[in-house]
1. Figure the gain on full extension for residue 246 and residue 59 (residue separation times 0.36 nm, minus the Cα-Cα span) and round it to one decimal in nm.
2. Going 7 Å from the Cα of residue 226 along its beta-carbon direction, which residues of the range 197-216 have the amide nitrogen within less than 17 Å of the resulting point?
3. Please give the length that would be gained between residue 113 and residue 36 if that part of the chain were fully extended, namely 0.36 nm times their separation in residues minus their C-alpha to C-alpha distance (nm, one decimal).
4. What does the C-alpha gyration tensor say about the overall shape of the range 4-113? Classify as rounded when a/c is under 1.5, otherwise prolate if a/b is larger than b/c, or oblate.
5. Taking R0 as 25 Å, what's the FRET efficiency between residue 278 and residue 208 from their Cβ-Cβ distance, rounded to 0.05?
6. Order these by the 10 Å Cβ neighbour count, fewest first: 306, 148, 126.
7. Report the label-to-label distance for residue 265 and residue 23 in nanometres (one decimal), using points 7 Å from each Cα along the Cα→Cβ vector.
8. PRE reach from residue 290 (point 7 Å along Cα→Cβ): which of the range 228-254 fall under 17 Å by backbone N?
């Protein structure tokens, strides 16, 4: 039976357990140059391991008689023993969750470095791992909280009484938590249907951005101007959105020019091909320049298409091509710049406007070269 004299033994046991964890930590630090897992274990599990070592050692040594043998002291010892049990459950849960994150971080770190055609599959696996480990962590925490609550006899008795009404309680909770459960199921649907992945390029509500974070309840879209658009997961299952990297990261850039009819399309097409050949953003695959429309205002619409490896490269390539074509047309074919034509009456009737207007005026009223009657000279006063 333990006595107050066992306090030094308790202190030595706790310190010894902490020293053992520190030795293991130093060994892992030395090994992380050769093993990525060792580095992630040190990063995630150092403090949880210290807590588990200290609490487990205290649990093994601590006994009912540590504070004394009187009834009050024994009650205090029982309360401390129960508190140590709760702290043990909490610290072990903390260690398990952090160890699972360390193990999955090894896989995620390798997937981040994957490029090229395999990048799409890598991002899909990253999204699924991120969601699964969040679900696993939430499940472990719920189980730990339940274990902590059921360590109290009063709670166990209450739980036995509530089992009879579990059906009604489950229905009420299900109705109240319907939006949350729907979001969670929507998150799993997005992750495992490959409809949305981390780092996907999307257009949502006319906003262009990348998927920065995908959880069971919300999605964070990092917009092109560094703003963050936070949307519920259910938004992506109930509303249409554009995913530019669904089957690959390659994107076709589009540039429109509205010019006059006198524009030399063939020379512009040759100039476009010459320019994109020297531009490193073009992926050397697709390009074209076509007349796509005649606008109601009388201008000709030209559309230039160029492919790029990803959406940021496509955006920069579009800007480069647009600037170059505008400068090329302005410097070499200024007559092809946008002009708006006006049809005059003489063009329509084939009769000089000044002659037609002069016939309708009084014989004494002259007509100027501009086609408008000259004002009568003022009458001289004698």
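Read the figures in this text as sums done on the coordinates, not as results from a lab. Quick caveat, the model's predicted, so the values are computed rather than measured. Note that we place each Cβ from the backbone using ideal geometry, even for glycine, and neighbour counts take in every protein chain shown.
1. Working: separation 187, 0.36 × 187 = 67.32 nm, distance 5.34 nm.
Net length gain for the segment: 62.0 nm.
2. 209-210, 212
3. Values: separation 77, 0.36 × 77 = 27.72 nm, distance 1.39 nm.
So the chain would gain 26.3 nm between residue 113 and residue 36.
4. Details: a/c = 7.11, a/b = 2.38, b/c = 2.99.
Oblate.
5. Details: r = 27 Å, r/R0 = 1.09.
Approximately 0.40, to the nearest 0.05.
6. On the way: 306 27, 148 17, 126 22.
Arranged by neighbour count, lowest to highest, 306, 148, 126 become 148, 126, 306.
7. Once both label points are built, they end up 8.3 nm from each other.
8. Only 252-254 pass the distance filter.
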